[in-house]
Amino acid sequence: MKKSYFFLLALLLFACTNFNAYFNTFYNAKKFFREAQDIPLRNGRPTSSAITKYNEVIKKCGVILTDYKDSKYADDALLLMGKAFFYKGRGYMQAIEKFQELIKFYPQSEFVPEAHLYIARCNYNMNKKNESFSKLKNMLKVQDFEVIHPEVLLTLAEYYNNEDNEIQTEYYLKRIVDNFPKSVQFEKAYFKLGELYWDNEKYNLSLQTFQDLINSKVSNRTKLDARYYIALNNLELKNYDVALKESEKLLSDETDNSKQAKIELVKARSLANLHQTEEAEQLFLRIIEENKRSEVAAQAYFYLGEIYFDILHDYETAINYYNKVESQNRNSEFVEKAVSKSSVASQIIQYYQPDSSLDIETLVEQQFKLAEFYLQNLEQPDSALVVYDDIINHNRSVQIEIDSLQTKQDSLKNFIEDLKKDIVTESAEVTVLLDSSELKNIEDSLSTLPDSLFYITTEDTLAFAPDSIAISKTDSLNIKNVKSDSLQIQLEELEQKIERKKQELDIYNEICIPQASFLKIWIFDKIKQDSTKADSILTFLQTNYPKNKYTKLSQKLLKNENLELEENPELQEYERAIQYLEDEPQKTVELLEPIAQDSTHSHHHQALFSLGYIHYFELGDSTAARPYWEQILATENNIWQQHVSNYYDGEKFIRLQRLPLLQQYLEKAAADTVSTKQDSLSKAKSEAEKTFIGPQMNKPDSLYIPQKNSSEDE
């Protein structure tokens, strides 16, 4: 009896231990899954830390399905393992396999509907979209799946939104809102419906949706987020007072500090539209200062540009702010808008503000930048061609303007000469009696010129009685002398304006038109592969600009020769320094220092970047690298900021295992034989250095030569 007792006790202890081991394994699997889900995605993908946790989930679920396959929790483990494969983003086939096993071996499981849902999601992510949509819609017809219908509807709405199908997205979101008000998905669907209307610029509908939402039984967090859209919709509907009031109240109620900046943007925009521009500008600048290199800062710079463009009509300052958008977030949707508005501002200055302090090269650069953005960022070569055509054709409007100004100049000269003759004639007379008809003749002769040419109008100087009046010879001469002096000043200003326009025309003829034509040839040759159009543009260049450097470059381009401009002493100085990099990096540092200290040197910023690069990657001295890269980040509008931001954010260095390009070569080296590995590694190092600090990154003479698979892209 005693023996039996101890046997039963041992068996019980073994069972408890076994159960605890199983329970702890599954508990830890769920814990790792929750932790992985809580890690924010990076560029829409799970981070390496999240993937590590998902792998732990898969491992522990595997233990359960191997050691405790007959457990009542086996279906839980299969579902959790399938989800881990799904959210890893790399194991959709494995995920489908686990979900199918759950359906096959545990058909009565409560998780079967969810398994079907995830199979549809896997198909969508594997680009089997028709299968996914079909499966999801069929699930809505299955009565046993009713418990999961709201989630299926929300998934359908999300996928149709991804496909830019507004009608279907709205339909499925409304089905949740109307038919499942007590579901977990109700709150999210209601909010997404308001966002859908907002995204499609249906601001009245969006406003009404969010107002209805905050009157529903939803969480306080959702109500706060809805109030933000209420303020934003009022802003778009031009209810600026309401938008300001809503945003100010929301700022006092919002508990999440990370959301304060975007609410302040609404407030600042409302102030600007209420013409409280100084207060708005100060708020925008504070937002930028507190949120450097962020999407919010990019938006703030854009809307600062809008103040000066739309409200103050100070187009030079507008261009300055537009140009800073990309420095804050190069992936911002506002970069395209800023580049476009900056180009428009430059054209307005050229046409309507010829006395602008911005030189013509700067103004034209904005248009070239717009074309470059179309070509490189948006991959829209046709749009780039339109911009280049506008640049090429602009010289015609400049010539027409010069002709018009010269016509005015000739008229003004003739009138001044006639006026001087009258003065000489009248000075010989003692007194003159002028009746109304004679005064009328003088007035008529003066009125033949446009009023814009006169500082003193005929009304000011000839406001005499309608009948007749006797005036002294002195008064008559004084009037005409004043008029003569005024017209002479305006003649000089007109001549200066004509001279500036001629200089502008020279720049277009000598630089802008040939450069734009060359870039058009590049597009037709490399992208469109239209040799006929490329050759016709070359003929145009050879006929009109036979000795221009861009004509020579075009000839080389179509012959597939290396594109090289004239010798550049500063480029040669930079290249001399770089040639010692591999064997004597310290000597390269010594030769680059004078270039980095000379802010007028064309390779000043490139030298600063290279010195930071060498100290950080070659010499392993981040302290020495920091001041060089901080100097680049502190300088507005230079192309090296975006390269620095890959490794240094202004406060700390971004730790990389290897440079991306270097990693590619090392992977190739790993596949080679042992004898060739060292050569591949050496090549990798050399190529990486050329990519990031080589002379090809320079844009000599402001020439932008597009290159497929350029080193910047790599």
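The values are calculated or read from the model by the stated rules, or taken from the named source; none is laboratory data. Note that the coordinates shown come from a computational prediction; the quantities given were computed from them, not determined experimentally. We place every Cβ from the backbone using ideal geometry, glycine too, and count neighbours over all the protein chains shown. Note: accessible area is taken over every heavy atom of the protein model, side chains too, but ligands, DNA and RNA are not part of it. Shrake-Rupley method; radii C 1.70, N 1.55, O 1.52, S 1.80 Å.
The table below lists the values:
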| quantity | calculated |
| --- | --- |
| Helices (runs of 4 or more DSSP H) wholly inside the stretch 560-619 containing at least 3 residues that are surrounded by 13 or more Cβ atoms within 10 Å (Cβ to Cβ) and at pLDDT below 80 | 569-578 |
| Looking only at the stretch 337-349, and only at residues there that are surrounded by fewer than 20 Cβ atoms within 10 Å (Cβ to Cβ) and not basic (Lys, Arg), the one that is modelled with the highest pLDDT | Ser340 |
| Number of the condition not met by Thr66 [criteria: (1) surrounded by fewer than 15 Cβ atoms within 10 Å (Cβ to Cβ); (2) part of a helix (DSSP H, G or I); (3) of a type in the set (S, T, N, Q); (4) modelled with pLDDT of 90 or more] | (4) |
| Residue among Asn234, Asn239, Asn220 that is more than 27 Å from the chain's Cα centre (by Cα), among the polar types (S, T, N, Q) and within 30 Å of Ser343 (Cα to Cα) | Asn239 |
| In the stretch 317-336, residue most open to solvent (accessible area, probe 1.4 Å) [restricted to those that are at pLDDT 85 or above and charged (D, E, K, R)] | Glu333 |
| Hey, Glu158 under 27 Å from Gln94 (Cβ atoms), at pLDDT 95 or above and open to solvent by 80 Å² or more (accessible area, probe 1.4 Å) or not | yes |
| Residues that are touching a Ser or Thr at 6+ places or on another chain (Cβ under 8 Å) and within 17 Å of Gly62 (Cα to Cα), drawn from the stretch 81-131 | Leu102 |
| Residue pairs meeting the criteria (Cβ under 6 Å; at least 6 apart or on separate chains; first more than 23 Å from Gln328 (Cβ to Cβ), in the stretch 617-634; second among the aliphatic types (A, V, I, L, M) and open to solvent by 40 Å² or more (accessible area, probe 1.4 Å)) | none |
| Hits in the stretch 196-249 - residues which are under 18 Å from Pro181 (Cα atoms) and part of a loop (DSSP other than H, G, I, E, B) | Asn215, Ser216, Lys217, Val218, Ser219 |
| Filter result (part of a helix (DSSP H, G or I) and surrounded by fewer than 20 Cβ atoms within 10 Å (Cβ to Cβ)) within the stretch 120-142 | Asn125, Lys129, Asn130, Glu131, Phe133, Ser134, Lys135, Lys137, Asn138 |
| When residues of the stretch 47-92 are limited to those that are of a type in the set (Phe, Trp, Tyr) and more than 16 Å from Met126 (Cα to Cα), the one farthest from the chain's Cα centre (by Cα) | Tyr68 |
| Every residue from the stretch 230-252 that is surrounded by 15 or more Cβ atoms within 10 Å (Cβ to Cβ) and of a type in the set (S, T, N, Q) | Asn233, Asn234, Asn239, Ser247 |
| Pair list, Cβ under 6 Å, 6 or more apart: the stretch 495-515 residue without any contact (Cβ under 8 Å) to a residue 24 or more places away in the chain, other residue buried (at least 16 other Cβ atoms within 10 Å of the Cβ) | none |
| Criterion violated by Trp522 - all others in (1) within 29 Å of Phe609 (Cβ to Cβ); (2) open to solvent by less than 50 Å² (accessible area, probe 1.4 Å); (3) more than 32 Å from the chain's Cα centre (by Cα) satisfied | (3) |
| Residue within the stretch 93-100 that is open to solvent by less than 60 Å² (accessible area, probe 1.4 Å), under 41 Å from the mean Cα position of the chain (by Cα) and touching a residue at least 24 places away in the same chain (Cβ under 8 Å) present | yes |
